[in-house]
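So the structure is just underneath, and the comments pick up after that.
Bear in mind that the values in this text are calculations on the coordinates, not laboratory data. These figures come from a predicted structure and were not determined experimentally. We place every Cβ from the backbone using ideal geometry, glycine too, and count neighbours over all the protein chains shown.
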Amino acid sequence: MAEIIQQWQYLGRVHPELLEDKVFEHCQKSGITSLQSYLYWAEIEKEPGKIDFSSYDILVEKLKKHNLKWVPFFILGPNYATPKWFQELDECVYAKCLEHKKESKIQSIWNPFLPKWVDRFLKILSEHYQDKSVLESICLGISGNWGESIYPVEGGFYKNFHSHQGWWCGDKYAVQDFKKYIIKKYNSIGELNTAWKTDFSSFELINFPNLRYFYPLSREIYKFIPFFLRPGVKFIYNLVKNNSKTRAAAKGEEEDLSSLAKEIKDITGQQQWLDFTEWYTVSMTNWAEFWLKTARKYFPDSEIYLVAGGNGNPMLGADFSAQTKIAAKYKGGIRITNQTDDYSYSFTFARLISSASKFYGSYFTTEEVWINKPERVMMRIFDVITSGAKGFYCKNIIGTGRDYCTKKNFSAGEPTKGAEILSKNLHYFQLSKPIVKAAVFFPNTSIAFEPLILDLLYKQCAKLRDVLDFDLLDENMIRDGALEKYQYLLVLKGEIPEGEVSEKIKNWTKKGGVLSSDPKIIASDIDNEYDRVYATRFADKIMYYNANDFEVRKKVGSKFIKIEGNSIKIEQNKL
Ligand SMILES: [Zn+2]
């Protein structure tokens, strides 16, 4: 049975209307299997040593009574998650950005005092919930504004501190760790100077490279401009923006990126930058590993999810396939939090996690970024089944009142249109594993140099999904041997780096693998029209989803099929 998780409790106590018996009955009826609470350190230990779970136990009792499960999201890292008394200790070390040398209120993942507090937090949780049968799974909130396995970004429950997408490694412990990492990588300062084309006289003197890119602060400033002035400001901003070639590419326009490509090819001269981005993402993966390992120690039999977010830009710190691989090592999984109302982009953003999860033997669930429209629950169901996910998390099957982040209001305790759609379509969750023979190359190295490539790649992937179901395959996975499972590898953006990745691809083509930049070489007999009807093949069936709000008549092979708007249809595989 799929895990269908509904958000229930953010900060503080549960909304009183969400504790009424009839509301849990609505959950049961719709097909929801569990409810999620943000369970953060500050809420259970307001004074040092005085542990109080009353904010959560009231809900847990109700869940047991109604035979529903619970998904607590254990958070220690973001500003609201650490108790006030801890924030006053010397052991509180905030992440500091390189751009402005300013601190956020989110813990630095290099804070050397933090691991013991995390261990203690998870131990307290495990002791309190000795009867773990109520847990459907646990989620780990290790960093980010919301607990994700990423660095600080914009947004959050309380945005009363310095926070933006950026390079959050400005604290002294981060700098020390970078030096340690580099010393381990290079045997001598001479070797380092050759690789970096620098002339440092000792390892002690090395530092971060000049930042090649950072998040434009203009987007932040825009928020503070009064509404009535915004149209004019936007017009001027767009004028300036359109004059910049690189910025225009960010909009997804097909620009001539040849100069960029040349620069990327010269990787040998850019080793310092590559080492820096590698260390930056490896640090987050290591921090995730510490949490997973500790959580596994205290929750030996529970399902454990790391919560990954963003789009895979190294500046955010989440190397999706590396995090999936490390989760698998501890029999854990990934909650990927980047779904929208648009299927093609939801598919694209989550596909690397889906592909890595299949390959490394992990598992995953999906989560919407903000709050999706209730009728799009249909799309989430299709996505779960066709991506091989274990389930999905949403905020809109039962209304939970005013949403903290989007300020949208769904009346508390009332089932939405999403509840109706879910209950009517639960039977689809019994399909077997999807069959995917084509993969699109995810060029980590090129992206590390120029993250705009990521925007262009995603745009192409979203479009391609309309006629082809495919996986995303990154350089980590190719090095680990994942290509063997595929017939086709499409390189749509970026370069294949020389060395191991290139060698693996060459060997695979010798054995019959097809490498191309043209998706048209792959014949699609189940869907060949750009009509926002999406198809996935299973061993004996084909599943279609019509993302339009109107009926579509579609030619498949020699026959026509009709699919109602926003609905799923199953056809036999042999048409
Ligand atoms: Zn800053």
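Key figures
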quantity	calculated
Estimated dipole of the stretch 436-521 in Debye, rounded to 20 [Cβ of Lys and Arg +1, of Asp and Glu -1, Cα centre]	360 debye
Packing-based ranking, highest mean first, of 42-48, 71-77, 507-513 given that Cβ atoms within 10 Å are counted	71-77, 42-48, 507-513
Model label zone, ALA523; criterion: amide N under 17 Å from point 7 Å along Cα-to-beta-carbon; scope the stretch 415-452	437-438
Net dipole in debye of the stretch 533-572 [+1 Lys, Arg Cβ; -1 Asp, Glu Cβ; about Cα centre; nearest 20]	220 debye
Label point distance in nm, ILE435-LYS197, each placed 7 Å from Cα along Cα→Cβ	5.0 nm
In Å, descending, principal axis extents of the Cα set of the stretch 533-572	29, 19, 11
Two-decimal log10 I(q)/I(0) for the chain, as the Debye equation yields it once each C-alpha is a single scatterer, q = 0.05, 0.08 Å⁻¹	-0.22, -0.57
Alpha carbon Rg of the stretch 456-575, scaled by the compact-globule rule 2.2 N^0.38 Å	1.23
Leading residue at positive end of dipole, the chain (Cβ point charges), from ILE385, ILE542, GLN28	ILE542
Rounded Å value of the spacing that divides the Cα centres of the stretch 129-177 and the stretch 1-35	25 Å
Farthest positive-ward along the chain dipole, Cα basis, beta-carbon charges - from TYR530, PRO72, SER357	TYR530
Most to least packed among 142-153, 425-436 [average Cβ atoms within 10 Å]	142-153, 425-436
Whichever lysines have a C-alpha closer than 21 Å to that of LYS185, once near sequence neighbours (fewer than 8 apart) are set aside	LYS172, LYS197
Shape call, the stretch 436-521: gyration tensor on alpha carbons, a/c limit 1.5	oblate
Euclidean distance of C-alpha centroids, the stretch 40-102 and the stretch 486-509, integer Å	44 Å
Reachable aspartates and glutamates from LYS105, criterion Cα separation under 16 angstrom, eight or more residues apart if same chain	GLU88, ASP90, GLU91, GLU148, GLU154, ASP171
Cβ-placed point charges (K, R +1; D, E -1), dipole of the chain about Cα centre in debye, nearest 20	640 debye
Sequence-separation-based contact order of the stretch 82-164, relative, with Cα cut under 8 Å and 6+ spacing, percent	22 percent
Those chymotrypsin sites (Phe, Trp or Tyr not before Pro) in the stretch 333-390 that DSSP places in a loop and that have at most 16 other beta carbons within 10 Å	TRP370
Part-to-part distance (alpha-carbon centres) for the stretch 449-466 and the stretch 528-575, which is given in Å	25 Å
Under-26-angstrom lysine pairs by C-alpha in the stretch 398-446, whenever the two are 8 or more apart or on separate chains	4
Cα shape, the stretch 281-430, gyration tensor, a/c 1.5 rule	prolate
